[in-house]
Amino acid sequence: MEVLLAFVIGGLFAGAIYMILRRCVVKLIIGLALLSHASNLLIFTIGRLLRGKAPIIEEGARQINETVADPLPQALILTAIVISFGLTAFVIVLIEQVYQVVGVDDVDKLKVTDSSN
Amino acid sequence: MNNLILVAPILWPLATAIIVTIFWFRRSVQSALNFVGATGLLFIGIMLVRMVWLDGIQSVQIGSWPAPYGITLVADMFSAIMVLMAGLTAFVMAIYSVASIDKRRKQFGYYSLVNTLFMGVCGAFITGDIFNMYVWFEVMLISSFVLLTLGGETRQIEGTFKYVTINLISSAFFLAGVGFIYGMTGTLNMADIAVKLSLYENQGLITVVAMLFLIAFGIKAAVFPLFFWLPASYHTPPIAITAIFAGLLSKVGVYSLIRVFTLFFIGNIGFTHTLLMIIAGFTMVVGVLGAAAQYEMRRLLSLHIISQIGYMIMGLAIFTPLALAGAILHIAHNMIVKTNLFLVSGVISKLRGSYNLKILGGISNAYPLLGTLFMIPALSLAGMPPLSGFWSKLLLIKAGFEAQQYAIIAVSLVVSLLTLYSMTKIWNYAFWKDAAPCKTAKPGEPEKNLFSFPNVYLLVPMILLTLVSITIGFFPEPFFLAVNRAAEDLMNPQNYINVVLGGSL
């Protein structure tokens, strides 16, 4: 499972970088979204995968006695997903604005800030 | 649990932001409340520095969860100084913004956003938890995104687009780095990470993760190959926002770099800190050469931010207590001076309607006070004695000689000279040159009065910052002691670790 996920993460990172390097603004946003998915999945995998071992203390017991899944990476991912959701929403509105005021969706043509004054 | 003042740098700006938002339609109330909030933040910064100075490193476990499990807030001298500098920036900008930010921007939540920005920045300075730091970075970033777009001019929207893209990539790297750290150590508490990483058997992997963090923080700090977003975006918003970004935001990246490369990525100094040294040299040179080619004041000053970041990284790369002391003093000095220079350029643009050096001229004749207020921070930036920049560069260069890093010393001295060159360029073009045939003002129009009512709000912050710079220059002793203390804490992470983890026993 870890090996499979490792390839998936690698694929996501590669796809993200490919999309970010495209000239079309929309594809760039898809690339950024893929990049955050790749990071999230990386944290998920790196926190060790255990199937069917929920970290719940049995009734009456004081502590967990067997090996259980680590819940913390999932909490981290949840936080990161919420953050990246908000950022992605902002970025989508932003590219709409970019398209309206600059009138292009080609990254190569966004040169207003580079021209002198 | 009585160290709750450590929560104040986060809660106070948050409270200010909320209260300011309640008065959404009353701009003058917002301005006044923002000023109160900023004064409070400055006061909190002073208290924090005083407390750390008297009682050593402070920590507080949020929710009373013992150290490696809960989120820890830690203030060592370095964090405290940074919070103080954030407070100072907030204070002067609160005054400057009254007259500088236009009504429309104030109406759309400028003050709320600035306060959430300060919350994010202070949170990043004060946290002792690496994932928490990521969250504060995001708080800071989202506020800065909106501040950059606020107003919606074409240049702003486009600059923000570049800024957002690069910063999201940086965040992804940061998150991946945090993931690796967690996978290797099973903890997110920075002190605990430092302990566990020093015992980790595969040191090569740590260096790989260090590179992830170097890229993530390097993008935020705008170091050599990763800085291109900065000159493309920092000059686009109104000058008050640019000044906050220039003074504060890129220093957060430097703070984080210094924190992680003194606390836990210290297993392979031969590689990581040599790399930092090379980066520092290139950052200085490229920044200053870029600045030399510019004729737009804000762009020129933006590129100088990059070159000055190089000096801070140089202090980290030399990695001796003296060098780190120099780096921290340089951060503090640079926040004051760089903010001040941007404020002066904003006033020039308000008086003459342009940032372009080729159009401007004759300002020192018309406004002698403004000339003085530009000259002092400009010479300080270049490192002229007896101003603040001289002392921080002196410390860095002395540390360089002690560590026998002659190449970086040579680079830093040449860059200082080039800095002086671009400052004299602004001086010659904008202040000394005869006023060009007026393209910006109507002929015969009288000079605007610098001392009239709303302009006084612009004048006071510049005078305050200039005085601070002169004070550091003439009475460097207490500042030396403070940064030395900060540097010693950084060089002996054991103290930090003991305070954070020992508190739980």
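Quick note: the coordinates plus some simple rules give every number you see, no bench work behind them. Nothing here was measured: the structure is a model prediction, and the numbers come from that model. Cβ atoms come from the backbone with ideal geometry, glycine included; neighbour counts cover every protein chain shown.
So here's what we get for this one:
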quantity	calculated
Computed E for residue B:414/residue B:69 - FRET, C-beta separation, R0 60 angstrom, nearest 0.05	0.75
Separation between Cα centres of segment B:261-313 and segment B:103-176, rounded to whole Å	22 Å
Table column - 3J(HN,Hα) (Hz), segment B:220-227, Karplus curve with 6.51, -1.76, 1.60, x for Gly and Pro	5, 7, 6, 8, 2, x, 10, 9
Reciprocal of mean inverse Cα separation for chain B (Kirkwood radius, Å)	22.8 Å
Shielding score for A:81-92, defined as the mean number of other chain Cβ atoms within 10 Å	3
Cα pair distances exceeding 26 angstrom across chain A, given as percent	42 percent
Per-residue average of Cβ from other chains inside 10 Å of A:72-78	3
Contact order relative to length of segment B:280-340, as percent, for alpha carbon pairs under 8 angstrom and 6 or more apart	31 percent
Mean shadow area of segment B:1-98, taken as a quarter of the surface of its Cα convex hull (nm²)	6.7 nm²
Restraint check, A:111/B:358; B:358/B:433; B:106/B:338; B:220/B:398; A:27/A:109; B:350/B:448, Cα-Cα greater than 19 Å	A:111/B:358; B:106/B:338; B:220/B:398
Within the protein assembly as shown: Cβ-based charge dipole about Cα centre, in debye rounded to nearest 20 (Lys, Arg +1; Asp, Glu -1)	1680 debye
FRET efficiency, residue A:88 to residue A:61 (Cβ-Cβ, R0 41 Å, nearest 0.05)	0.45
³J(HN,Hα), Karplus 6.51/-1.76/1.60, whole Hz, each residue of segment B:310-315, x for Gly, Pro	x, 5, 5, 5, 4, x
Per-residue HN-Hα couplings for segment B:464-480 [Karplus 6.51, -1.76, 1.60; θ = phi - 60°; Hz; x = Gly/Pro]	4, 5, 4, 4, 4, 4, 5, 4, 4, x, 8, 10, x, 3, x, 5, 4
Per-residue average of Cβ from other chains inside 10 Å of B:141-148	2
Interchain or long-range residues, amide H under 5 Å from residue B:129's placed H	B:72, B:190
Extension reserve of the residue B:278-residue B:460 stretch, reckoned as 0.36 nm per residue once the Cα distance is removed	61.5 nm
Mean residue ellipticity (222 nm) of the protein assembly as shown, computed from DSSP H runs ≥ 4 via -39,500 (n - 2.57), nearest 500	-24500 deg cm²/dmol
Cα coordinate range in the protein assembly as shown, projected on the principal axes (Å, largest first)	88, 55, 49
Residue exposure sequence - B:122, A:24 - by fewest surrounding Cβ within 10 Å	A:24, B:122
Given charges at beta-carbon only (K, R positive; D, E negative), |dipole| of segment B:268-474 in Debye	420 debye
Exposure proxy order (Cβ contacts within 10 Å, fewest to most) of A:56, B:269, B:169	A:56, B:269, B:169
Sequence of B:259, A:62 once ranked by neighbouring C-beta atoms within 10 Å, starting from the fewest	A:62, B:259
Computed over chain A: relative contact order in percent, which uses C-alpha pairs under 8 Å that are six or more apart	25 percent
Relative contact order of chain B, defined on C-alpha pairs under 8 angstrom at six or more residues apart (%)	16 percent
Viscosity 0.692 mPa s, 37 °C: Kirkwood-radius Stokes-Einstein D of segment B:268-474 over Cα pairs, µm²/s	186 µm²/s
Rounded, prolate or oblate (a/c below 1.5 giving rounded, otherwise prolate when a/b exceeds b/c) for segment A:36-76 by Cα gyration tensor	prolate
